Amino acid sequence: MQAGEPASRQAPADRTQRRAHLAQSRSREKKRALVQAAIALWRVKGFAETTVADICKAAGVSKALFYFYFPTKEDALIEAGVLSTREARRKARELLAGPYDLPDVIGAVLAALERSMRHNPPELLIEATLEGHRAEHRALAEGLSDEHHATRFLFLEPLQRAQADGKLPPGLDVLHVARGAQSLMEAGVRHWAAGEYGGRGFAEVTGRDITAFVDGHARMAAGEPEC
């Protein structure tokens, strides 16, 4: 408020701002309720057997409201973050803040992701990776942005940091390597969820594959002979 300005002139604007804030909060709550209802149903019925109508009924909302937030059921799956990387990214930043070895960071990131995945049924994890792959192809068709790269590719930030710190050669195409590492990770999720790793952990097997992939590309970028 400017000095000397009557309070009565500010009150309507303040009320409008409060109403807008309240409307936004209610909108976020409704969207969150839809996602939570969807996750609960997916864990019981499975992704394929759960319809949009099922989700709307469980959340107590209309189909129109569902489609206001999500064009498709698959978009709701992405929003749900079933394959959540939040904790994995936090762990990477924590390790990168001090002395680190890149293979250790890769292993820790995957271990954090594995802990998150254990809270969801295998079928849902597999569907999430497949939808992520489809979303990547849609984004490629539309033209990728830097923001998309940063949010989509789990290992892009650690690779960029390692290159800046001299742990990877300057000629390495880190975006290309991050995309390849993402593919290895998502394939690892599907194999692990399907039980193909037996008693071995997701982080153990996938970490070895991604580390070897990064090391191979780093050697080529540095002009070293392939082993």
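The values are calculated or read from the model by the stated rules, or taken from the named source; none is laboratory data. This is a predicted model, so every value here is computed, not measured. The protein model used for the area step is the full one, side chains on, heavy atoms only, and it has no ligands, DNA or RNA in it. Shrake-Rupley method; radii C 1.70, N 1.55, O 1.52, S 1.80 Å.
Ignoring any ligand, DNA or RNA, what whole percent of the accessible area of the stretch 67-130 comes from carbon and sulfur when the probe is 1.4 angstrom?
On the way: 1770 of 3180 Å².
Roughly 56 percent of what the probe reaches on the stretch 67-130 is carbon or sulfur.
What the stretch 25-71 shows is 60 Å² of accessible area per residue, with the surface traced by a 1.4 Å probe over protein heavy atoms.
Computed from backbone phi, the HN-Hα couplings of the stretch 44-49 come to 9, 8, x, 5, 5, 7 Hz, rounded to whole numbers (Karplus: 6.51 cos²θ - 1.76 cosθ + 1.60, θ = phi - 60°; Gly and Pro given as x).
Got a sec? What order do Asp54, Asp165, Asp104 fall in by accessible area at 1.4 Å, biggest, i.e. largest, first? Can you show the working numbers first?
On the way: Asp54 45, Asp165 75, Asp104 100 Å².
Per-residue accessible area, sorted high to low, gives Asp104, Asp165, Asp54.
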